[in-house]
Amino acid sequence: MLDFVLCDDNFNVLNRLEKMLEAILIEKNFDARIALGTTSPEELINYIRNHKVNVIILDIDLRSNVSGLDLANIIRKKDKDVYIIFTTGHLEYGLIAYKYKTFDYLAKPVTKERLEDTVIRLFEDVSGSKTDFVRLDNNKTIIRQDSILYIQKDGMKSIFYTDTREYETYCSFKTIMLQLPSHFIQCHKSYIVNINKIASIDTTNNTILLDSKKQGSKCYIGPKYKSKLMEVLNYGNFSNNLECNDNSKWNSFNNMLLFIIICWGNGRYAIIYHNFKY
C-alpha cells in the first residue's frame, strides 16, 4: 500500500484535493491511502520523521517561513525515493521544482482529470511496467483493464462493471473489443466477460459467476457463444481452476470433442461439432 501525504496552506484547497485523490484511488482500485492532510509544514516534517511516506503532494507557495521548495529539500535529504508532486499557482517555479527530482508539477487550480493522469502514471512507475487501460469518450472515461469484471450492453449504452463501481459509455461493443486483450471474450450478444475473473460456470442455467467483492456478480452465456467460450476456457486450461455445476458433463464434452478431432478429421468435425453447441 502506498501512503500519500498532502500539504497546502489553504484548508479549502487541501480539502478539495483530498476528496479528488480519494475518489481516484477508489475508482481506480489503487492500493493506497491518504495518511495525512495538513496545512502545517511543521506537522508534515514531524510526520515524515516518524513514518514511511511514499508520495507527497506539496504546495510550493506556503504562507510560512518554510516554502514548499525548502520542505522538498529537507524531504530529499531524508528519503531519496519518495515521490514529490508540487502544486502551485505560480508557473515560474516549474523549472526550480524539478531540481528536487519532482515526479510532476500541477498548476492550480488542480482538476480531477489532471490529478488522475498523474496518479495513474505514478502507479505505472511504481509497478515498473505500464498498466493497460481502456480509454473511452475522448479519455473522459479511463478504466484499468484488470479491474473489469464484465461489460453489459444495455440499449445504446455499454456498462463496465468493476468491484468498486460501474462506468457507462455509448461506445459500441466493436469499438470496445478493439481495445481489449484476448482474455476478454464475448459470451452473449449483450455481455463481454473477463475470463480471468470467472469463478464458476453454470452450464445448465447459462450463467457465469464472477470472482468479485460484490456477491452475486454474474453475466450470461448466449447459445451462439457457448461452444466458443468453452473452447477458449479449455484450451487455456482455465477449466482446472473453475467450478462447474456438472463436472461429468464438462469432462464428457471435452472427451467427445477430442474423439471427433482424432477419428473424423476436419471436414466432419465441423458438422458434428455443431451438434454439441448448446
Suppose we keep just the alpha-carbon trace of segment 21-73; what are its Rg and Dmax in angstrom?
12.6, 38
Size of charge dipole - segment 2-127 - debye, nearest 20, with Cβ of Lys, Arg +1 and Asp, Glu -1, no other charges:
280 debye
Going by C-beta contacts inside 10 Å, put Val126, Val53 in order with the fewest on the left.
Val126, Val53
Report the net charge of residues surrounding Arg63, where surrounding means a beta-carbon distance below 11 angstrom and charges are Lys +1, Arg +1, Asp -1, Glu -1.
-4
What does the highest-first list of 215-223, 59-67, 5-13, 174-182 look like by mean Cβ count within 10 Å?
5-13, 59-67, 215-223, 174-182
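Here, each number is a calculation from the coordinates, and none is a lab measurement. Bear in mind that the values here come from a model prediction, so they are computed numbers and not experimental data. Neighbour counts are summed over all protein chains in view; Cβ atoms, including those assigned to glycine, are modelled from backbone coordinates with ideal geometry.
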